[in-house]
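Comments concern the structure below.
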Amino acid sequence: MANVRLDKFISSAMAVTRSEAHTLIRRGYVAVDGKPERDIGKKLDPEKVSVTCRGESLNYSEYHYFMLNKPDGYICSTEDMRDPTIMELLPDSVKHFDIFPVGRLDKDTFGLVILTDNGELAHFLLSPKRHVDKRYYLETDLPMTENDVISLEKGVDIGEKRLTLPARLEICEDNNKAYITICEGKFHQIKRMMESLGKKVIYLERVQFDEIKLDPDLERGEIRELTAQEIASLLKNMA
Ligand code: URA
């Protein structure tokens, strides 16, 4: 890992702003390898030093990873002129990281959004070449049928140059409800796929992104850090 400034280390490890980090350092609360360090710009190698604040030892991560359970009514982007964005749902401790959503859900779609400040990972996961699986729960105005399962497996015409890539539709006992797994991310993709089959999506919720499942304990609008295992699953193919 590259060397980092002490103020960046503190703000990242303690989820505080840069200026709060400056205060902690200048007041002498921060120690590097056991010695108080008041130089906010001191460069250090996070893998080689031990850093404490008021005696508590700190861990530094270069990047940050979160999952949000998106409610409807929020735009999945970092800013919007008209509507509230998901960034408004983030607590202050998370807001100052430069995180952004990995891909977009529609304003009226619920569920799993991954947020990170690791641009390289986001780019990798969103690349059309990667075909990352995304699983959704959906409800439609009309019942879905075995023919729909077959059509979606073959690919349907949503007005793009090519048919959609194979998608897996698992219809529930109540045939107006189903799970669908897609490996693309075109604008309104699922709504357009169902429309091509004569159905209107009336509820849509993302429940899984690649291997990461929406945490059932996460309330709508809540965010939590990804676990080390979840982060490793996202990074596994990047090397
Ligand atoms: N497909 C859609 O139609 N909308 C979403 O938000 C995600 C996938």
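The values are calculated or read from the model by the stated rules, or taken from the named source; none is laboratory data. Because the structure is predicted, anything quoted here is derived from the model rather than measured. Methodologically, a virtual Cβ is constructed for each residue, glycine included, from the backbone with ideal geometry; neighbour enumeration extends over all protein chains shown.
So here's what we get for this one:
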item	result
In the stretch 101-137, residue nearest to the ligand (Cβ to nearest atom) [restricted to those that are of a type in the set (S, T, N, Q) and in contact (Cβ under 8 Å) with a residue 24 or more places away in the chain]	109
Exclusive hit being touching a Leu at 6+ places or on another chain (Cβ under 7 Å) and more than 28 Å from residue 73 (Cβ to Cβ), set 207, 156	156
Positions within the stretch 200-220 being part of a loop (DSSP other than H, G, I, E, B) and within 13 Å of the chain's Cα centre (by Cα), in sequence order	210, 211, 214, 215
Residue under evaluation residue 193, criteria (1) within 11 Å of the ligand (Cβ to nearest atom); (2) at pLDDT below 95, criterion not met	(2)
Residues (of a type in the set (Gly, Ala, Ser) and not in a helix (DSSP H, G or I)) located in the stretch 5-41	15, 28, 31, 34, 41
Options 64, 22; residue that is within 22 Å of the chain's Cα centre (by Cα) and either among the hydrophobic types (A, V, I, L, M, F, W, C) or surrounded by 12 or more Cβ atoms within 10 Å (Cβ to Cβ) (or both)	64
Matching strands (runs of 3 or more DSSP E) fully within the stretch 100-199 where at least 2 residues are surrounded by 21 or more Cβ atoms within 10 Å (Cβ to Cβ)	110-116, 134-140, 177-182
